[in-house]
Amino acid sequence: MRMSRRGAIAIGLGGAAAIASAKPATRPKSRALIVSTWDFGAAANDAAYARLQAGGSLLDAVEAGAKVPEADPSNHSVGYSGYPDREGHVTLDAIIMDDRGNVGAVAALEDFMHPISVARRVMEKTPHTMLVGEGARQFALEQGFTTTRLLTPEAEAAWREWLKTSEYKPVANSENLRGSALDHDTIGILACGADGRLAGACTTSGMAFKLRGRIGDSPQSGCGLLVEAAVGAATATGVGEEVTRIAGSARVVSSMRAGLSPIDACHEAILHIAKLRGDAVKDAQVGFLAINSLGEVGAYALQPGFTYAVTDTAGRTTVTAAASLKGPVRTR
């Protein structure tokens, strides 16, 4: 069935009816094992797959995958060499969770290479789900993590160049403009085992040159990431404020619980943002990526350009461009 943009928006306005009439998903012929956002997700997937092959758990896998871009100095959107806030501080946010309700997160964390590992320690060693700022830093030190200067010469040079105008404007798909001063955002990575169990992680250095103290969607459960047993998992990317306004990942998972496929669930959330925000998001990018407990994958974005990496059970990885509201007519 071909769907025009006008028709898609009409369905978005009647989203409840679409959910009510959705058919249950069937097991796909080729099951996805690991999915992640953006082109650089391919390397993260490879590390996650290797960890699984070595006997690691799903949590081990998504943590290993997230650590790849966190340590990559050429990636200015996640971790080491991430672009700083407007005061020159690199602050990191991360979350990790499984489908048993275990979750840990850190926000505004400074001086540690792998916030995803600190987030996992929050999950495993504290009764809390999130630590922020100086408290998160103190906890990381107590847990034996070593400090690292995260502001690299390249990132500092980009920040000093930005200071000449101090103009901030998020640019769609900047995650794929590698090395640019516009390159900022996140990686979300999801895994689904052969038994349907699920886990996910999300990590970021946030928007380049943001206000000090700004936290986006990434470390917030139900915004940047949500995992639910026997249903699925979802993650988000793009302008975090727009995701947070609708608790985006929770909305996607809720739609899958109601019977929508992963792509339809992501599509519904994007339609809702477009309807809610109108011209405020005409140049913004938001993308959702989801996997259900059958190993089916779907993604959808406001603008063309959002990509995601999918690794199947044989270890084969492909990078795919997501459908979008402003892209070509969607075909199902």
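What follows draws every value from the coordinates through simple rules; no lab data is involved. Here the structure is a predicted model, which is why all the values come from computation and not from measurement. With ideal geometry, Cβ positions are generated from the backbone for all residues, glycine too; neighbour counts draw on all protein chains shown.
Structure data summary
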| read-out | value |
| --- | --- |
| Top positive-direction residue, dipole computed over the stretch 225-332 with Cβ charges, set Thr311, Ala323, Gly278 | Gly278 |
| Proximal aspartates and glutamates to Lys164, defined as alpha-carbon separation beneath 14 angstrom and excluding residues fewer than eight positions away on the same chain | Glu87, Glu156 |
| In Hz, Karplus ³J(HN,Hα) per residue of the stretch 54-69 (6.51, -1.76, 1.60; θ = phi - 60°; x = Gly, Pro) | 7, x, x, 7, 4, 5, 4, 5, 5, 5, 4, x, 5, 5, 5, x |
| Residue-by-residue Karplus 3J(HN,Hα) for the stretch 251-256, coefficients 6.51, -1.76, 1.60, Hz, glycine and proline x | 5, 4, 5, 4, 5, 5 |
| Convex hull volume per residue for the stretch 252-332, taking Cα atoms only, in Å³ | 93 |
| 15 Å reach of a label modelled at Glu87, 7 Å along Cα-to-Cβ, counting backbone N of the stretch 202-217 | 209-215 |
| Two-site label geometry, Arg212 and Ala230: point separation in nm, points 7 Å out along Cα→Cβ | 4.9 |
| Inter-probe distance in nm under a simple model that places probes 7 Å from Cα toward Cβ, at Ala280 and Ala71 | 4.0 |
| Rounded FRET efficiency, nearest 0.05, which uses the C-beta distance separating Ala314 from Asn102 and R0 of 30 Å | 0.55 |
| Karplus (6.51, -1.76, 1.60) ³J(HN,Hα), θ = phi - 60°, over the stretch 194-207, in Hz, Gly and Pro reported as x | 4, 8, x, 5, 9, 8, x, 8, 8, 8, 6, 9, x, 5 |
| Coil-residue trypsin sites (Lys or Arg not before Pro) of the stretch 190-255, DSSP, other Cβ within 10 Å capped at 14 | Arg212 |
| Antiparallel DSSP beta bridges within the stretch 41-137, percent to nearest 5 | 60 |
| Debye equation applied to the C-alpha atoms of the stretch 232-277, log10 I(q)/I(0) at 0.25, 0.27, 0.29, 0.31 Å⁻¹ | -0.85, -0.97, -1.09, -1.20 |
